[in-house]
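Notes follow once the structure below has been shown.
The values are calculated or read from the model by the stated rules, or taken from the named source; none is laboratory data. Quick caveat: nothing in here was measured; it's all calculated off a predicted structure. Quick reminder, even Gly has a Cβ in these numbers, built from the backbone with ideal geometry, and neighbours come from all protein chains shown.
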Amino acid sequence: MALPRMPLRMNKCYFTFRIYNRGDFTPQDSDYREPLANRVYLPEMCVIGQLVGYRGFFRLQRTQTGDSNPSTGSAVFRPEILRRAAQQAGVPGIQKGDRIIQINETACDFNLIHVTPLSPYRGRHLLILVEFEVNRKQTESI
């Protein structure tokens, strides 16, 4: 995986996250540790970050109707801004499985697939890299 270049200045982009409730409110399957019914989410959290997105053309998915490319992207956030936004919203922070429901006042539906610290210096985490892909609905054809 090639990491994106580190931005020197942040070009503001407003993200609204819907944090997945990992507590007792969402029923879990004891064998597979995944939600049984509708997911329960915590309050929404708005964070300023920078979109450093790309489109994942290298991950073709085979379907019955042909090949398709999932819409993917990435963004970076400063850790102190993420921490402050999480404290204000009363949520634990962002993790894999959470959703992005709005980018710059544009409604969207992305699932977070990867959250990791990103730093050009060893041992110093200056930015948090978040990768996301479109939330795909499972449908059956007749």
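Please enumerate the residues belonging to the range 84-111 that are in contact (Cβ under 8 Å) with a residue 40 or more places away in the chain and among the hydrophobic types (A, V, I, L, M, F, W, C).
Ala85, Ala86, Ala89, Val91, Ile94, Ile100, Ile101, Ile103
Looking at Gly49, is it at pLDDT 70 or above and not hydrophobic (A, V, I, L, M, F, W, C)?
Working: at pLDDT 70 or above: yes; not hydrophobic (A, V, I, L, M, F, W, C): yes.
Answer is yes for this residue.
Restricting the first residue to the range 123-140 and requiring it to be of a type in the set (S, T, N, Q), which pairs with a second residue that is surrounded by 12 or more Cβ atoms within 10 Å (Cβ to Cβ) and modelled with pLDDT of 60 or more meet a Cβ separation below 6 Å and a spacing of at least six or different chains?
Asn135/Asp109; Asn135/Asn111
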